[in-house]
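The values are calculated or read from the model by the stated rules, or taken from the named source; none is laboratory data. All figures in this text were calculated on a predicted structure; none of them were measured in a lab. Using ideal geometry, Cβ is built from the backbone for each residue, glycine included, and neighbour counts are taken over all protein chains shown. Side chains included, ligands, DNA and RNA excluded: accessible areas come from the protein's heavy atoms. Shrake-Rupley method; radii C 1.70, N 1.55, O 1.52, S 1.80 Å.
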Amino acid sequence: MALRPELKGYRKQVQLLDGRHVVIRPISPEDQSALIAFHSRLSDESRFHRYHYSKGELTQEDLTNFCDVDFKDSLALVADQGKRGKKEIIGVGRFYRLPSNTHTAEVAFVVQDSEQRKGICTHLLKQLAALAWERDIYFFLGVVMRDNSKMLSILRKSDPEMHQVVDDYSTTIITFSVEETMFRTP
C-alpha cells in the first residue's frame with residue numbers, strides 16, 4: 001500500500017538522550033527486510049514484552065500485517081538510523097483503531113535492546129499521538145506486561161491520569177488520553 005499523500009514527506013529527525021539523531025518515519029512495504037533484521041536483534045524478553053508470547057521468526061503474514069498499513073485506522077512509525085547507506089530500524093511504534101470504538105486505538109511499541117532508555121519509545125509515542133489526533137483518535141489502549149516497568153513508566157509520564165486494569169494473567173490494560181500524551185510527552 002502506498003503512503004497517503006499527507007504522510008509522503010513525513011520524516012522527523014529527533015535527538016536521542018545520548019545525543020545521536022535518528023529519523024522517525026512511516027513504515028512502508030519496502031521495510032520488510034529491515035524489519036526482519038530488527039526483529040532478529042531483539043532479545044527473547046523484548047519479543048515477549050511486545051507479543052506476550054515467545055515469538056519466533058516473522059512470517060510473511062506478519063510482515064504484510066506490520067508493513068502494509070492504511071495510515072488511517074492502522075499506522076506504524078519506525079525509528080531509523082541509517083547505517084552504511086542502509087535502513088536500520090531500531091524501534092517501531094504502531095496503533096490500530098479498535099473496530100468497536102472509533103475514537104480509541106490499541107498502541108504497541110518495541111525498541112531494540114541496545115537502544116532502550118535513550119528516548120526512542122518516547123519520541124515514537126509523541127509522534128503517534130499527534131497523528132492519531134489528526135485521525136479523530138482520542139484514546140490509546142495498551143496491553144502491557146506487568147513486569148515491563150520501562151513501558152509502564154513511559155506511559156505513566158505521558159498521562160499520569162491513565163486508567164489501569166490488571167487482568168487475571170500477567171498484563172495490565174491501560175487507557176490513556178492522546179491529547180495529554182501530545183502535550184505531556186517530552
Item to complete: Report the calculated FRET efficiency for residue 33 and residue 98 (r = Cβ-Cβ distance, R0 = 25 Å), to the nearest 0.05.
Response: 0.25
Worksheet item: Hey, which of these cross-link pairs are over 18 Å Cα-Cα: 12/150; 12/126; 55/87; 12/157; 87/126; 126/150?
Response: 12/150; 55/87; 12/157; 87/126
Item to complete: Can you pull the one-decimal nm distance between simple spin-label points at residue 62 and residue 165, each 7 Å off the Cα toward Cβ?
Response: 2.8 nm
Item to complete: Go ahead and estimate [θ] at 222 nm for the chain from helices alone: -39,500 (n - 2.57) per DSSP H run with n ≥ 4, summed, over the residue count, rounded to 500.
Response: -9000 deg cm²/dmol
Item to complete: Please give the per residue volume of the convex hull enclosing the alpha carbon atoms of the chain, rounded to a whole number of Å³.
Response: 121 Å³
Discussion item. Apply the a/c threshold of 1.5 to the C-alpha gyration tensor of segment 40-108 and tell me whether it is rounded, prolate or oblate.
Written reply: oblate
Practice prompt. Just subtract the alpha-carbon distance of residue 41 and residue 133 from 0.36 nm times their residue separation and send over the number in nm, one decimal.
Written response: 29.9 nm
Discussion item. Heavy atoms of the protein only, probe of 1.4 Å, neighbouring chains included. What is the accessible area of residue 100 in Å², nearest 10?
Written reply: 110 Å²
Worksheet item: About its Cα centre, how strong a charge dipole does segment 107-185 have in debye, to the nearest 20, once Lys and Arg get +1 and Asp and Glu get -1 at the Cβ?
Response: 340 debye
Item to complete: Hey, can you find the accessible area per residue of segment 125-170 for me, probe 1.4 Å, expressed in square angstrom?
Response: 55 Å²
Worksheet item: Based on the mean of other beta carbon atoms within 10 Å per residue, what is the order of 118-128, 61-71, most packed first?
Response: 118-128, 61-71
Worksheet entry | Solvent-accessible heavy-atom area per residue, rounded to whole Å², over segment 32-91 at 1.4 Å | 50 Å²
Practice prompt. Can you send over the carbon and sulfur percentage of the accessible area for the chain, probe radius 1.4 Å, protein chains only?
Written response: 51 percent
